[in-house]
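What follows draws every value from the coordinates through simple rules; no lab data is involved. Everything quoted here is computed from the prediction, not taken from an experiment. Positions of Cβ are backbone-derived with ideal geometry, glycine not excepted, and every protein chain shown enters the neighbour counts.
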Amino acid sequence: MDGKYLAEIRERCEADLPDVAAPVFRDRKALLAEVERLGKETATLKRALELACRYHRFDDFKTVR
């Protein structure tokens, strides 16, 4: 996820919610934490794939993504 977009989400996460907000928005900090965790996991998996492609000498490993 784009860092600028994620920063905006973090900022909005700290804002007060109106009383009429849907219950799903009450857990927004947990949802944000999960998005950040998945982003880090995805980056790790992409790196592992890139290294595996290099190991197996795929010259165009960018097309594997």
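Work out the FRET efficiency for ARG57 and ARG10 from their Cβ-Cβ distance, taking R0 = 30 Å, and round it to the nearest 0.05.
Step by step, r from the Cβ atoms, then E = 0.15.
Can you tell me which aspartates and glutamates have their Cα less than 19 Å from the Cα of LYS46? Leave out same-chain residues fewer than eight positions away.
ASP2, GLU34, GLU36, ASP59, ASP60
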